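Encoded as structure tokens, the structure appears first; notes follow it.
The values are calculated or read from the model by the stated rules, or taken from the named source; none is laboratory data. Because the structure is predicted, anything quoted here is derived from the model rather than measured. Here the Cβ positions follow ideal geometry from the backbone for every residue, glycine too, while neighbour counts run over all protein chains shown. Heavy atoms of the whole protein, side chains included, go into the accessibility calculation; ligands, DNA and RNA do not. Shrake-Rupley method; radii C 1.70, N 1.55, O 1.52, S 1.80 Å.
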Amino acid sequence: MTEAAATPDEIDDLARRAQDGDRDALELLLAAIRPRTLNVCRGVLPFTPDAEDACQDALIKVAEKIGTWNRRGRFTTWLHVVAVNTARSTYRRMKNQAVAADPTESQAMQRPDPRTTSVIAGTRLDLLEAMEALERDHPQFVEPLLLRDVYGLPYEEIAQIVDAPLGTIKAQIHHGRRLVRPMLAESQ
């Protein structure tokens, strides 16, 4: 099986074998999912070196936490969540590093420098900042909202990923949109 030819069924099989302790299957799995993981990370961090750092971190998390995949859904769906969360963590770390060391320079650093902080490809920095604000007060809305509105996953798949009833997911996305909309409107 080549990396490019790995189907979702083949990836699920490798993941099951890796979960059962097969080290060779884990190595093959990590090689097979790397391109997909990098693409997901690029969706959050379009600057290639940032996306590659997040991808590497995500692959390490996959190797460490493969036992938490519950085998009910596709492994690639579980992987998607791991990669998105890792890329968001990388973004937050980079944003914190972009804060001015000299307090007199704070006006220049109110918004992170786009050369040192990547943003979601095709969208604006204000979206990630809105997600961070939403996460402080309503963390349960962030993951379903990102999976639906940024990555376009169907409601049913999101419900499976976050292990919540479909109606709950629809309500969380609705409420999350309602709370984020004014934050995004302010920044335009």
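Within the range 1-35, the set of residues being closer than 29 Å to residue 94 by Cα and among the β-branched types (Val, Ile, Thr) comprises 33 only. Filtering the range 156-188 to residues that are within 14 Å of residue 127 (Cα to Cα) and among the hydrophobic types (A, V, I, L, M, F, W, C) leaves 179, 180, 183, 184, 185.
Quick grid of which residues meet (1) at pLDDT below 90; (2) more than 13 Å from residue 76 (Cβ to Cβ); (3) touching a Ser or Thr at 6+ places or on another chain (Cβ under 6 Å):
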residue	(1), (2), (3)
13	no, no, no
19	no, yes, no
37	no, no, no
45	yes, yes, yes
57	no, yes, yes
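Take the conditions (1) in contact (Cβ under 8 Å) with a residue 40 or more places away in the chain; (2) under 20 Å from residue 44 (Cβ atoms); residue 144 misses just one of them, which is (1). Within the range 25-63, the set of residues being among the acidic types (Asp, Glu) and touching a helix residue (DSSP H, G or I) at 6+ places or on another chain (Cβ under 8 Å) comprises 50, 52, 53, 57. When the residues of the range 47-78 are filtered to those that are open to solvent by 60 Å² or more (accessible area, probe 1.4 Å) and not in a helix (DSSP H, G or I), the one that is farthest from residue 163 (Cα to Cα) is 47. Contact map, the range 59-71: first residue in contact (Cβ under 8 Å) with a residue 24 or more places away in the chain, second residue hydroxyl-bearing (Ser, Thr, Tyr), Cβ cut-off under 8 Å, separation 6 or more or different chains; pairs are 59/37; 61/86; 62/37. Residue check: residue 89 meets all listed conditions (1) over 27 Å from residue 7 (Cβ atoms); (2) modelled with pLDDT under 85; (3) in a helix (DSSP H, G or I) but one, namely (2).
The residue that is least open to solvent (accessible area, probe 1.4 Å), among those in the range 134-188 that are under 22 Å from residue 89 (Cα atoms) and among the small types (Gly, Ala, Ser), is 176.
Among the residues examined, residue 38 does not qualify as of a type outside the set (Lys, Arg), in contact with a Leu (Cβ under 8 Å, 6 or more places away or on another chain) and either under 21 Å from residue 89 (Cβ atoms) or open to solvent by less than 20 Å² (accessible area, probe 1.4 Å) (or both).
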